[in-house]
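The structure appears below as structure tokens.
Read-outs: derived from the displayed coordinates by stated rules, not from any lab. From a predicted model like this one, the values you see are computed outputs, not experimental measurements. Reconstructed Cβ throughout: ideal geometry from the backbone, glycine too, with neighbour counts over all protein chains shown.
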Amino acid sequence: MDLLFIADPLESFKVKKDSTLAMMRVAQEAGHRLWFCQSRNVLWKENVVLADCQTLVIKPSSTSWFELGEIESRVLNSFSAVLMRTDPPFDIEYLNATWLLSAAVRQGAIVLNAPAAVRDHSEKLSITEFSELIPPTLVARELSAVEEFHRVQHDIVIKPLDGMGGMGVFRVGPDGLNLASIVETLGQNGARTLMIQRFLPEIAQGDKRVLLIGGEVVPFSLARIPQGNEIRGNLAAGGKGVAMPLSAVEKQVAERLAPILNQRGLFLVGLDLIGGYLTEINVTSPTCFVEITDQSGFDVPQFWLKALEKALS
């Protein structure tokens, strides 16, 4: 198979733990041909969607670990699959890229995750479809609504809808200290929508990342455990990643959502769960392949490749 990876610059990869690199390695080892480009290299020209892309060879070295070929223009529907692995934020250029990829899909390209499905599933707001699985949650712009939610829930977490890696996440305890200031700052005085949830003390045991691949559930999660006085378990915010088997509740939630999301074209999904509650559905560029594999012995990249080969057969 010819696989085109649309990703961030290769030089920016964290070689020891990058999930996209893990996918590339296992696909190359299975004899598939790799291609690479950035989203900026995807274009509409002469009524087709093209990519100015390069062949990619992964090398064993941890320093000079890749080799790129000459730039070629190829129509996206000439690849066995196009794998969109550009990291958030989901800004206007990310959105533009999904529209171009949707045009490629109409021309017969296979794009994973499906660009229309990515657009339809805000990583934070999409949990509202499964409201019985989520903690008490408010989505609002007005300070008065947040203040009323705080009066009822007493201990809350406030976060922007477009945040990533734990950026912009604040906890406001029962004393309500700085509530108005936080809402005004994060919400830009009502110009920006916020998500507010009841604080879950189970975060001390970790914010669990559960991977769904091809409609199947990876049986181990990565618990991102906050360190020190932090409330954020995100690895980017200093959380410690610990792989562990799924609990009965986590497995139940994951097995319920896996076939639904896969049917919509979301081949790879990262659920975030705290205390069994669903808090996010990550669809842009889910990670944690390497950490789960190294600590549990369950080969996530190989699991991903087998699911991909099955989906494309």
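Taking 0.36 nm per residue of separation and subtracting the current Cα-Cα distance, fully stretching the chain between GLN227 and LYS240 would add 4.0 nm. Charge dipole of segment 2-120 (Cα centre as origin; +1 on each Lys and Arg Cβ, -1 on each Asp and Glu Cβ, all else neutral): 260 debye, rounded to the nearest 20.
Taking other C-beta atoms within 10 Å as the exposure proxy, VAL283, VAL49, VAL57 rank VAL57, VAL49, VAL283 from fewest upward.
When +1 charges are put on Lys and Arg Cβ atoms and -1 charges on Asp and Glu Cβ atoms, the dipole computed for segment 208-300 relative to its Cα centre reaches about 180 debye. Relative contact order of the chain: 18 percent, from C-alpha pairs under 8 Å at least 6 residues apart in sequence.
Based on Cα contacts under 8 Å between residues 6+ apart, segment 203-312 shows a relative contact order of 30 percent. Scanning residues 5 or more positions from SER221 or on other chains, those with amide H under 5 Å from its amide H are MET244, LEU246, with H placed 1.01 Å from N in the peptide plane.
Could you please state, rounded to a whole Å, how far the C-alpha centre of segment 294-313 is from the C-alpha centre of segment 231-285? When both Cα centres are located, 17 Å separates them. Here each label is just a point 7 Å from Cα along the line to Cβ, and for ASN96 and VAL15 those points are 3.3 nm apart. Close lysine pairs were tallied over the chain: pairs 8 or more places apart or on different chains with Cα atoms under 23 Å apart number 23.
Since only SER61, LEU278, ALA191 are under comparison, the one whose Cα sits farthest along the positive direction of the charge dipole of the chain, derived from C-beta charges on Lys, Arg, Asp and Glu, is SER61.
Of HIS154, HIS121, HIS32, the sequence from fewest to most neighbouring Cβ atoms within 10 angstrom is HIS154, HIS32, HIS121. Restricting attention to segment 2-120, close to 55% of DSSP beta bridges with both partner residues there are antiparallel.
Between the listed residues GLY173, VAL42, ILE156, the Cα displaced farthest toward the positive end of the dipole of the chain, a dipole computed from Cβ unit charges relative to the Cα centre, is found at VAL42. For VAL48, nonlocal amide neighbours, meaning residues 5 or more places apart or on other chains whose placed amide H falls under 5 Å from its own, do not occur. Residues THR137, THR55 in ascending order of nearby Cβ atoms (within 10 Å, fewest first): THR55, THR137. Checking every one of the GluC sites (Glu not before Pro) in segment 110-181 against DSSP loop status and a limit of 15 other Cβ atoms within 10 Å picks out GLU142. Farthest toward the positive end of the dipole of segment 203-312, out of PRO226, VAL210, ILE260, is the Cα of ILE260, where the dipole comes from beta carbon charges about the Cα centre. About its Cα centre, the chain has a charge dipole of approximately 280 debye under the convention of +1 per Lys or Arg Cβ and -1 per Asp or Glu Cβ, with nothing else charged.
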